[in-house]
1. Compare the peptides 287-293, 326-332 by average per-residue count of other Cβ atoms within 10 angstrom and give them in order, highest first.
2. Principal axis lengths of region 195-265 from Cα atoms, whole Å, largest first?
3. Once the Cα gyration tensor of region 121-201 is diagonalised, what are the square roots of 5 times its eigenvalues, in whole Å and ordered largest first, as equivalent ellipsoid semi-axes?
4. With Cβ to Cβ distances under 10 Å as the rule, what net charge do the other residues near residue 45 carry (K, R +1; D, E -1)?
5. Along the charge dipole of region 336-447, pointing to its positive end and built from +1/-1 on Cβ of Lys, Arg, Asp and Glu, which listed residue (390, 369, 425) has its Cα farthest out?
6. Can you give me the Rg/Rh ratio for region 265-396, using Cα atoms for both radii and the Kirkwood formula for Rh?
7. Rank-order 71-77, 146-152 by packing density, defined as the average count of other C-beta atoms within 10 Å over each peptide's residues, highest first.
8. Order these peptides, 95-103, 358-366, by their mean beta-carbon neighbour count within 10 angstrom, highest first.
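Quick note: the coordinates plus some simple rules give every number you see, no bench work behind them. Keep in mind that what you see is a predicted model, and the values were worked out from it rather than measured. All Cβ positions, even for glycine, are placed from backbone atoms using ideal geometry, and neighbour counts span all protein chains on display.
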Amino acid sequence: MKKMLIVGGSDAGISAALRIKELDLQAKVSVVVADAFPNFSICGLPFYLSGEVPDWRTLAHRSVEEIEQHGIDLLLEHRALAIDSEVKQMHVRSDDGTTCQLEYDKLLIATGAESVEPPIGGLENPGVFFLRWMDDSFAVKKFLDRENPNKAVIIGGGYIGLEMADALTHKGITVTLLEFAPEVLTTLDPELGAFIRAELQSKGVRVVTGQAVQHISRNENILTVHTASGETVTADMVLVAAGAKPSTQLARSADIGLGAGNAIQVDSHMATQTTDIWAAGDCVQTWHRILERHVYMPLGTTAHKQGRVAGENMLGGSCEFKGSLGTQVVKVLDQVAARTGLREHEASEAGFDPLTVMQTTWDHKVYYPGAKEMHIRLTGDRSTGRLLGAQLVGHRESEVSKRVDIVATALYHGMAVKELCDLDLSYTPPLSSPWDPIQMSAMLWCSKL
């Protein structure tokens, strides 16, 4: 019986385990999970903390029992400490301190990412939180319920920071958002990030950009955040959302090579350079379909795909991960922001000759009640006409995610900008226009050549 050992019980690890059991019911699949919460939707944590998802248990894609019904053994609250690839063993320690050696025929490392701890003094103070795993969310929830805070500071204006600004505002907490960059949501061009800033401010969030945080001090129950410019902001709690980095300590214990972004180096089959060891998810580098090189781009959708590919190949398959376009979407209060592919400066750095157009239009026919503005930036290559990317901001009811997925599909197939106009897209006045907003932007782009 083949011994399939998987480290990590989140998206990539569980996807791999399920794929293995789909293909070989006789395979012995064991998953080592650091906590007691396998296959939970970490992306849903802000909605649990806002109260919109009242029961944290519903964040589980599958319960422990459902996973085990597939014939998968879960070793909960066990930490993988080191790998000996020569004898195919992994050293594991349980939360009660017990240690053991687990043997494997094939091994998958799916250890995910960990929160970046910026060089800020005072991160150890009570009331200062990070948010990545279920235990992090329980700590925040306990604080919210016990202390009933009135004011919060969020350090970082990326996806987690923005979603938590939304969540805490939903709970009636006054939020100050501090971002080092000139604008929030730096994955978008500043022209679109400004719309998200305006949305935050319209709902009472104070947004401070271009400020580096130096340290956090505490006096009794009050936290004070000090910036490099000398500004201070007081709060009852602080959430640090400064990004993510790949968790690679286990891989390094076996001298497994690292690649882009110091993530685990893998090929298109999700295999590492070490025989019989694969890796997938937020701990690995990702192939970018347009850049045609590896990048570090941790996304839940990517992790699911990579895990499935790895699981099949651990059984001797030849499945390939086809790469990512960095397609992302986030809801911030009543606005939604999305992107896919390359922005203009990224395209220029990659050697393209980019042209970007920006258009503001209605999400559906304006004569039908409830029409909302949608802002679109579309980028293509002047020389070849190739579509390179898109960014969108619009109301949460304006189907921004549908529109970015149109572009993502076109990018996957290497389409030209003008070919967007040939797509047979759905139309009814309450939902769109005869020419979808994406097609309108494509026409505008073509007119600028």
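1. Descending mean neighbour count gives 326-332, 287-293.
2. 47, 37, 21
3. Whole-Å semi-axes of the equivalent ellipsoid: 24, 14, 11.
4. Numbers: positive: 132, 141; negative: 136, 163.
Result for the local shell: 0.
5. My answer, from the dipole projection, is 369.
6. 1.09
7. Top of the packing list down: 71-77, 146-152.
8. Descending mean neighbour count gives 358-366, 95-103.
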